[in-house]
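Here is the structure we will look at, set down as structure tokens.
The values are calculated or read from the model by the stated rules, or taken from the named source; none is laboratory data. Since the model is a prediction, treat every value here as computed from it, not as a measurement. Please note: Cβ atoms are built from the backbone with ideal geometry, for glycine as well, and neighbour counts cover all protein chains shown. The area values use the complete protein model at the heavy-atom level, side chains included, leaving out ligands, DNA and RNA. Shrake-Rupley method; radii C 1.70, N 1.55, O 1.52, S 1.80 Å.
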Amino acid sequence: ALRDSRGAPVGGALLRIVAERDSGGRRLLDEVRTAADGTYSLPLGTDVSRTVSVNYDGDAIRGVAAATVRQNVRAGVSMRLSADRVRRGGRLYASGRVKLLTAAVPPRGVPVEVQFCTRSGCSRVSISDTTDSNGGFSTPIPTSYSGRTKLVLRARVSTFPGWPFAAATSKRRTVVIG
């Protein structure tokens with residue numbers, strides 16, 4: 001809500017709402033007026049991550065005011081394993097897709113990591129891959145462990161320059177090797 005220096009609501013004030021996308025570009029989303037209690041609303045799409053600024057230019061009585069909020073939109077990431085059990089040295093693949101609601105996957109694809117997870121979290125040690133131009137990926141997972149081994153894996157897409165989405169992860173998947 002927009003309030004003056006004494007905390008009283010400012011009704012009928014004109015606000016400019018501007019969005020700056022992570023991938024670049026700044027644009028006016030809309031201009032709205034506050035209600036009598038100083039509140040305002042503007043539905044925001046879930047197309048890409050952005051920083052949204054609400055600006056009030058002030059008037060003869062009140063000064064300028066501004067507020068900024070961060071809207072993180074995650075890409076969808078799915079991953080499956082080619083088997084839930086595999087012999088030591090056998091073939092195992094993690095495959096999946098990066099799904100975007102409103103944007104196209106770049107022609108060169110998107111970097112994806114397949115991470116190894118434990119009870120305390122997922123490691124930074126990972127297998128790197130890149131999706132195809134449709135968002136799909138398939139990468140081999142090593143299975144040459146000694147003895148019976150249980151792996152818990154997930155796919156992760158990080159942020160990178162020009163990518164308008166927040167980091168995202170798939171559900172964890174489990175495989176038993178041995």
Next on the checklist: For segment 28-60: of the residues being charged (D, E, K, R) and within 21 Å of the chain's Cα centre (by Cα), which is nearest to Arg74 (Cα to Cα)?
Outcome noted: Asp47
Checklist outcome for this item: In segment 135-153, anything in a strand (DSSP E or B) and charged (D, E, K, R) is listed as Lys150
Checklist outcome for this item: Residue hits (segment 135-168; open to solvent by 50 Å² or more (accessible area, probe 1.4 Å), of a type in the set (Gly, Ala, Ser) and more than 25 Å from the chain's Cα centre (by Cα)) are Ser144, Ser146
Checklist outcome for this item: Over segment 148-170, the set of residues touching a residue at least 40 places away in the same chain (Cβ under 8 Å) and out of contact with any strand residue (DSSP E or B) (no Cβ under 9 Å at 6 or more places or on another chain) is Gly162
Checklist outcome for this item: If we take segment 15-134, then strands (runs of 3 or more DSSP E) inside it with 1 or more residues that are small (Gly, Ala, Ser) and either in contact (Cβ under 8 Å) with a residue 40 or more places away in the chain or open to solvent by 60 Å² or more (accessible area, probe 1.4 Å) (or both) are 65-71, 76-81, 93-99, 121-130
